[in-house]
Amino acid sequence: MSIKVSLNHKTHYQFDRDVSLSPHLIRLRPAPHTRIPIEAYSLNISPKNHFINWQQDPFGNHIARLVFNEKSDHLSIEVDLIAKLNVINPFDFFIDEYARNYPFTYEPHLKDELLPYLKLSEEGPLFKKWLESTSMSDILTIDYLSFLNNQVKNAVDYVVRLEPGVQTSEETLQLGRGACRDMAWLLLQTLRSNGIAARFVSGYLIQIKTSGYHSREINPLSHDLTDLHAWVEAFLPGAGWIGLDPTAGFFASEGHVPLCCTPEPLSAAPVVGCTDICKTDFNFSMSVNRLDSAMPLTHEDPYTEETWKRIDQLGIQVDNEFKEQNVNLTMGGEPTFVSMDNQDDPEWTVSAMGEKKHAVACDLMQRLMKRSTPNSLLLHGQGKWYGGETLPRWTLGCFWLKDGKPLWNDPSLFAEMPVKIPSNIEMVEQFIFELALALKLKPNHIMPAYEDENWQHLLEGSDLQTSPEPERPPIGFILPLKIKTGKQTFHSPQWSFKRKYLFLAAGTSAMGYRLPLKQVEIIPREPSDLPTALCIELRAGTVCLFIPPIEDLIHYCTLVHAVETTAAKLQCPVRIEGYPPPSDPNILNYQITPDPGVIEINVFPASNWEQLKEIIFGIFEEAKNVRLTTEKYLVDGRRVGAGGGHHVIIGGATVDESPILKRPDLLQSVLTFWQHHPSLSYFFSGLFVGPTSQAPRIDEARHEALYELEIAFSQLPNIGTSFTQIDRLFRNLLVDITGNTHRTEISIDKLYDPQTPHGKQGLIEFRSFEMQPHPQMSLIQLLLVRALVAYFWKKPYQGRLIRWGTSLHDRMMMPHFLWQDLADIVQELKYGGYPFDIEWFKPFFDFRFPVYGTAQFGEIRLELRMALEPWNVLGEESVNSHTARTVDSSTERLQVKIAGYNKERYLVTCNKRVIPLQPSSVSGEFIGAVRFKADNPAASLHPYMPVHVPLVFDIYDTWINRSIGGCKYHYTHPGGVNYAKPPINAQDAESRRLARFEVIGHTPGVHKPILEPINEEYPYTLDLRRPNNFTR
């Protein structure tokens, strides 16, 4: 975001006596072409008895000429200015076609104008040799400038040099060191010698400390700083003067404030003048301070220490109430992360799977295990299998015993992949042999497993009763494994096959998933026998052991301990794969799984606020250590969450302790309160909202559901405490428009569904919560849910469900009214004894709804802010042999807020059409929205409708029938830059956002705006897609 700073620069000359001062020239005022706004400037001179005249030199720089009327024993110069540091993309320019590649030649008339900036004054032997090392051809001009800039930076060590004047390039190259002005002069002469016009720049350099959770700088500043600085500007046809800072090797950006730009350094000296001969003491000081000590807190640093202390105390208060009222609430979640690097790779945008994703997930899991569960089991298993994907997704599971006893002692015995020291098939065979002995089994039933060389013949229908000898060695071994009936020990039955050998099914999955179980003949065989086997194989040099399904936790633990004992005995790390431990209250777990574009962590449910903080802070910290982050950027520069959601799950330690099942009225309170307050549906959600989103409200596109839900509420007192009845009462109401019980705002998928193996867990899931960019923000939204549960436990919330109608997608798509609704929630919680502060949610507001731009026209202030738009989903179509529905993202919406506005005189228009403004709770403040077609993709709801951008906003004065000022919003870069990839950092993202808003561009001349009747369905929104028929 923009940062407003004050810069103070004091220079003091103390003389040993009163002396005469000649006229002085002061070049300490920002140059006219400064790219950042200078909102205030002051130059104070002492002695006070002087005359000052402002003028411009031949190059357009500001100069203060001072004439002193009397002698003085000192000269003090103080500059104080206020600047707004808007992020600037130094590469946001075009170069004329003939100059795109170096070398190029300026057009004759341009070269004549640039003659002072092409003058050469260096001929030394070292400089000539230097020029030979910098000579290049057939290279992009921008790359060549970057090359020269970095050559100077790498060749010269930066030093602070207080002596006056500038070193020659020969001296700088000989010494190998120099001040910023020396490095700038060397680069300037290098550019001119290579035919590129260049000028010397004296100015201020402002450097702001990067702070916050998402700082990606390797060596960040410890504090804000400023200094007098020098750099170079090169003239590129089509682009103009481009700043190059050889001291840092960067192109000049918002921190570079030019004061004077001239062909020679002498003409750019900050202070020029003389005195009588005397002894002089010289000192100076420079400082930079951020204004509004507060700069508004953002999602980077959302809360002060004092604020977080208050939040923490509220979390403890809610915990205490739960204890007093015997509410055994547990709370979990599914935080999602993306990579800090290569965010445009498919695995971090649309794909669920990816090699880098799996590697970073393994690293993260090991760190989390070391941090919080050191004696746990790391299991590589299989996850969900979605249509269109060739194989099920992988999952990493961490399992540990509730009583604290170790399930696995030595984490060094978990094998990495690829392993540093590869193993061999002989070690695999020895491992399974020793493991059989550790399980007190005879190893004579161990069988080698082979890849099937004849699988193609089997596919063609051949019946291979016998097989030739395997041509290749085995890839692994199996040990048939069963639990003796009525006993607590393992036994190993004998397996046999018609084809004599064990040939695996074709594929790349782990051996355990490819066993030909239908062909197994078990000796001896019991009627209930299902073949299961322990598998071990060599994959990528790693010993991989596959655990079969085991129904008893004691037997599972026995097997795991035997595996670790064998690995320790053979000093052979092993990768554990296969089936997880059976469901049992004595074992706890969390998992890391892949989802499209993200890594998802299924957090172990926390039973109190302290545990919840420990989990969330720990996950965020370890994720950052493996270069994962919780936010990313869209191509247009907007910051968004990771994209995978942070669904909130509440329940109990056991099904019987679930507060939802113990008090069914709690579910009614939750459903009613959420339906009454749309901010809970939209304020914390992701970009995609509406009836076809991942978390649609019950009344989105299903208005009749409210009527049915009220009938269900009326039956709730009559069903008692039957868990099944509670579940069945709401199961078919809490669905999306397709009937999916999972893709809904409040999902009871895992409440108490007797028809699914994992349905009886006593859990409900709030799916409208997006992943927040900071751990404190994640905890705040969790605390909000916890406080609401505590509030409803004491005072059940009931009431008739609201028929929002179209206002849900009109008024409640605007951030102003969502903020108002959230403020109502905060107020109600305050009345209930929970001292929330609405300001705690300001970082959410700024992150979720960024400001596009503001403009001031006299007393009238106009603000454009992002608003929500429920995207439409198009009809079904066949894509790669599958049926899919395309999301139409071509329509967007923004909020218009106007302050200091006299509605009797002025109108606010967008593309000459009047915006229907509605008064807010603040006098003179009005709110409206504009809905428009921003893009024209291949598939959209209205394919033949042209786009409406750019949007021109005018303050129209009805007394003089013309605009008194306006601004312009572009959906894409106004200069035609077609970005192919998302921004690489926050600065790049902000520069893209700022470039799309211009505080110029009102509609010229006398004209009549298009006044149309208020749309009764959407009274707060001007929909540019609708035709207009009325003129005023």
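The values are calculated or read from the model by the stated rules, or taken from the named source; none is laboratory data. Predicted, not measured: the structure shown is a model, and the values here were computed from it. Cβ coordinates were reconstructed from backbone atoms using ideal geometry, including for glycine residues, and neighbour counts include every protein chain displayed.
Values for this structure:
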quantity: Selection from the stretch 909-929 of residues that are farther than 18 Å from K1008 by Cβ and of a type outside the set (G, A, S); calculated: L917, Q918, P919, V922, E925, F926, I927
quantity: From the options W408, W400, residue that is modelled with pLDDT of 85 or more, assigned to a loop (DSSP other than H, G, I, E, B) and surrounded by 15 or more Cβ atoms within 10 Å (Cβ to Cβ); calculated: W408
quantity: Residues (buried (at least 16 other Cβ atoms within 10 Å of the Cβ) and part of a strand (DSSP E or B)) located in the stretch 919-945; calculated: F926, I927, G928, A929, V930, R931, F932, K933
quantity: When residues of the stretch 865-889 are limited to those that are assigned to a loop (DSSP other than H, G, I, E, B) and among the polar types (S, T, N, Q), the one surrounded by the most Cβ atoms within 10 Å (Cβ to Cβ); calculated: S889
quantity: Given (1) closer than 30 Å to A252 by Cβ; (2) touching a helix residue (DSSP H, G or I) at 6+ places or on another chain (Cβ under 8 Å), number of the condition Y971 does not satisfy; calculated: (2)
quantity: Leading residue by the ranking (farthest from the chain's Cα centre (by Cα)) among those in the stretch 675-691 that are of a type outside the set (A, V, I, L, M, F, W, C) and within 16 Å of G643 (Cβ to Cβ); calculated: S685
quantity: Pick from the stretch 329-372, criterion among the aliphatic types (A, V, I, L, M) and in contact with a Pro (Cβ under 8 Å, 6 or more places away or on another chain), ranking: farthest from E622 (Cα to Cα); calculated: L329
quantity: Residue within the stretch 343-365 that is closer than 26 Å to F792 by Cα, β-branched (V, I, T) and not assigned by TED's automatic domain parsing to the domain that holds E577 present; calculated: no
quantity: Residues of the stretch 627-646 classified as buried (at least 21 other Cβ atoms within 10 Å of the Cβ) and at pLDDT 90 or above, total; calculated: 1
quantity: Of all residues making up the stretch 960-1000, the number that are part of a strand (DSSP E or B) and of a type in the set (A, V, I, L, M, F, W, C); calculated: 3
quantity: Filter result for the condition that a residue is under 16 Å from A239 (Cβ atoms) and buried (at least 17 other Cβ atoms within 10 Å of the Cβ), over Y106, Y98; calculated: Y106
quantity: Residue ID - surrounded by the most Cβ atoms within 10 Å (Cβ to Cβ), chosen from residues in the stretch 1-18 that are farther than 21 Å from P270 by Cα and over 35 Å from the mean Cα position of the chain (by Cα); calculated: D18
quantity: Candidate set from the stretch 960-991 (those that are aromatic (F, W, Y) and in contact with a Phe, Trp or Tyr (Cβ under 9 Å, 6 or more places away or on another chain)); member that is surrounded by the most Cβ atoms within 10 Å (Cβ to Cβ); calculated: Y969
quantity: Checking I1000 against (1) without any contact (Cβ under 8 Å) to a residue 60 or more places away in the chain; (2) surrounded by 19 or more Cβ atoms within 10 Å (Cβ to Cβ), the condition it does not meet; calculated: (2)
quantity: Candidate set: the stretch 845-859, residues that are assigned to a helix (DSSP H, G or I) and surrounded by fewer than 22 Cβ atoms within 10 Å (Cβ to Cβ); chosen: the one nearest to the chain's Cα centre (by Cα); calculated: F847
quantity: Those residues of the stretch 750-773 which are of a type in the set (D, E, K, R) and more than 32 Å from the chain's Cα centre (by Cα), in sequence order; calculated: D753, K760
quantity: Tally of residues being within 16 Å of D753 (Cβ to Cβ) and not in a helix (DSSP H, G or I) across the stretch 648-669; calculated: 4
quantity: Test: K357 is at pLDDT 90 or above, among the charged types (D, E, K, R) and either more than 19 Å from A568 (Cβ to Cβ) or part of a strand (DSSP E or B) (or both); calculated: yes
quantity: Residue satisfying all of: in the stretch 769-798; under 17 Å from S669 (Cβ atoms) and among the hydroxyl-bearing types (S, T, Y); surrounded by the most Cβ atoms within 10 Å (Cβ to Cβ) among these; calculated: Y791
quantity: Conditions (1) in contact with a helix residue (DSSP H, G or I) (Cβ under 8 Å, 6 or more places away or on another chain); (2) surrounded by 22 or more Cβ atoms within 10 Å (Cβ to Cβ); (3) closer than 29 Å to V543 by Cα; (4) of a type outside the set (A, V, I, L, M): number failed by E600; calculated: (1)
quantity: All strands (runs of 3 or more DSSP E) inside the stretch 38-96 with 2 or more residues being within 30 Å of F250 (Cα to Cα); calculated: 38-46, 62-68, 72-85
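Residue-by-condition table, conditions (1) part of a helix (DSSP H, G or I); (2) crowded, with 20+ Cβ neighbours inside 10 Å; (3) in contact with a Phe, Trp or Tyr (Cβ under 8 Å, 6 or more places away or on another chain); (4) at pLDDT 95 or above:
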position: T806; (1), (2), (3), (4): yes, no, yes, no
position: D824; (1), (2), (3), (4): yes, no, no, yes
position: Q827; (1), (2), (3), (4): yes, no, no, yes
position: K842; (1), (2), (3), (4): yes, no, no, no
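Here is a yes/no grid of residues against (1) part of a helix (DSSP H, G or I); (2) touching a Cys at 6+ places or on another chain (Cβ under 6 Å); (3) within 21 Å of S376 (Cβ to Cβ):
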residue	(1), (2), (3)
P581	no, no, yes
P585	no, no, yes
E600	no, no, yes
F604	no, no, yes
F617	yes, no, yes
E622	yes, no, yes
V640	no, no, no
